[in-house]
Each structure stands twice: as C-alpha cells, then as structure tokens.
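All remarks here apply to the structure that follows.
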Amino acid sequence: MNTALRYVTLFAAAATLWLTTGCNTVSTSVRQDIGGPTYPPSDPALVQILRVAPTRAHVRLGEVQAQPSSDSVPVTEIEAALRKAAAKMGADAAVVVYDKTQTTGAYVTGPWWGRSVQTVQGRVIIAVAIKYT
C-alpha cells in the first residue's frame, strides 16, 4: 500500500513538472553564411546578446532563428537558446535584427466541400552571429 502511494505521488509530481515546464520550449535553426569563416564552437555562457551592431571589428558567421513555443516563454530562455545556437558556430555575440510576430503555419478545418484555412501566429527572433576579430 505504501509503495503504491509513493508511485502515485511520484507520477503526480512528474506530471506537474512536465505541464509547467514541458510546454515552454524554444526551437532554433542555424544558417551559416556561404563562403564565410568557420570557427570551433565557443562557450554559450560567453556569447553576448546585442540589440545593435557593435563598433568593434567583427566578421559575420550566419544567422540564428528562434521560435518560442508560446508567448509565456521567458526572455531568458529565448536568449539562452540564441546563445547556445550561436556558440555552435563559434560566435562571440548574437545581434538581434528581427523580433516580430508572424504567420508560422496554417491548418485546414471543415468538411471536404467547405474547408477553411486558419493561420497560426508565432514569435520569430532572428539574430546575426558574429565573431570579433
């Protein structure tokens, strides 16, 4: 009896944790510039998130795109995802150049003779990964 109660309690705790954190994800994609320089990965903790291009000399490595799963994803989580993706390219910083809500998908509803298309809106953030020279 006591073991069954432990399993139920453990399951309830795991389900609660999954529901509160499982839905807050940030998907990222990286596009390295063709013919651009390549560097070994850098430490994500050292990658800076900038809002304007730095005056310090740098080279462009490519772009990082982040799409949070919902509006409730904290900014710190979005920035951490940008840092991690930019670090894979060897970046020292990621300059945010686009942060808007746009159509990210669509779905079709209704019977075959009267279908309608509904768009899905989502936040999209694009940052340029740079390496200081």
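What is the magnitude of the charge dipole of the stretch 24-132 about its Cα centre, with +1 placed on the Cβ of each Lys and Arg, -1 on the Cβ of each Asp and Glu, and no other charges, expressed in debye to the nearest 20?
160
Can you pull out the GluC sites (Glu not before Pro) in the stretch 41-133 whose DSSP state is coil and whose Cβ has at most 12 other Cβ atoms within 10 Å?
Taking the stretch 41-133 and a limit of 12 other Cβ atoms within 10 Å, no loop GluC sites (Glu not before Pro) are found.
Output needed: percent of Cα pairs per 5 Å distance bin for the stretch 24-132, bins running from 0 to the one holding the longest distance.
Histogram of Cα-Cα distances, whole percents per bin: 2, 12, 21, 20, 14, 10, 7, 4, 4, 3, 2, 0.
Filter the chymotrypsin sites (Phe, Trp or Tyr not before Pro) in the stretch 88-124 down to the DSSP loop ones having no more than 10 other Cβ atoms within 10 Å, then list what survives.
Listed in order of number, the matching sites are 112, 113.
FYI, it's all coordinate maths here, none of it is from the lab. Treat the numbers as computed from the prediction; the structure is a model and nothing was measured. Positions of Cβ are generated from backbone atoms using ideal geometry, with glycine treated the same way; all protein chains shown enter the neighbour counts.
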